[in-house]
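Inspection log for the structure reproduced underneath, given as structure tokens.
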Amino acid sequence: MRIADSATAPSLDAVVDPRFGRCAYFIIVDTETTKYEVVPNPSQSATHGAGIQSAQMLANKDVKVVLTDNVGPNAYSSLSAAGIQIITGATGTVRETIERYKIGELSEAESPTFRGHSGLNRGL
């Protein structure tokens with residue numbers, strides 16, 4: 001299974017980026033092989049639609065689970081429509097959150113974590 005984590009840097013030891021659509025990187029880990037791919041987020045500085053664009057890119061990469069801290073309503077809808085499980089409240093390093101997910105310490109989001117439109121200047 002392929003899991004994507006929002007990250008602040010291109011490493012498994014990077015801190016989870018609290019933003020989904022505007023994160024700096026996605027670290028995509030194959031849980032069966034433990035191999036991973038670092039994907040710079042092309043939507044990071046998009047003027048609008050960053051969450052939707054990020055969700056579409058991850059769906060195209062056959063991601064089944066997203067680990068992040070926050071997700072807005074448009075990204076939530078896009079990820080859900082693609083059949084991607086959304087885990088919010090992920091903090092710590094990418095490596096730590098993936099391990100916490102694997103042992104069942106993180107649970108699926110039931111709704112977006114904020115109203116949306118975080119924009120380029122909104123801090124969380």
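Which of the numbered conditions does A7 fail, given that it passes all the others? Conditions: (1) small (G, A, S); (2) in contact with a strand residue (DSSP E or B) (Cβ under 7 Å, 6 or more places away or on another chain); (3) closer than 17 Å to P112 by Cα.
(3)
Against the definition (out of contact with any Asp or Glu (no Cβ under 6 Å at 6 or more places or on another chain), buried (at least 19 other Cβ atoms within 10 Å of the Cβ) and either at pLDDT 95 or above or within 23 Å of M1 (Cα to Cα) (or both)), how does L58 come out, yes or no?
Judged against the criteria, L58 is a match.
Just to be sure I understand, how many residues within region 86-101 are in a helix (DSSP H, G or I) and free of Cβ contacts under 8 Å to residues at least 40 places away in the same chain?
3
Testing R22 on (1) over 22 Å from A109 (Cα atoms); (2) at pLDDT below 95, one condition comes back false. Which one is that?
Here R22 meets the rest and fails (1).
Can you find, within region 16-75, the residue that is farthest from I98 (Cα to Cα) among those that are acidic (D, E) and out of contact with any Gly (no Cβ under 7 Å at 6 or more places or on another chain)?
Result: D62.
Taking into account only those residues within region 68-117 that are among the β-branched types (V, I, T) and surrounded by fewer than 16 Cβ atoms within 10 Å (Cβ to Cβ), which is farthest from the chain's Cα centre (by Cα)?
I103
Go through (1) buried (at least 16 other Cβ atoms within 10 Å of the Cβ); (2) more than 16 Å from V94 (Cα to Cα) and name the single condition I28 misses.
I28 satisfies every listed condition except (2).
Name the residue, out of G104, G83, that is part of a loop (DSSP other than H, G, I, E, B), at pLDDT 95 or above, farther than 20 Å from T8 by Cα and of a type outside the set (D, E, K, R).
Details: G104 fails: at pLDDT 95 or above.
Criteria check complete, one pass: G83.
The values are calculated or read from the model by the stated rules, or taken from the named source; none is laboratory data. Everything numeric in this text was worked out from a predicted model, so none of it was measured. Ideal geometry is used to build each Cβ from the backbone, glycine not excepted, and the neighbour counts take in all protein chains shown.
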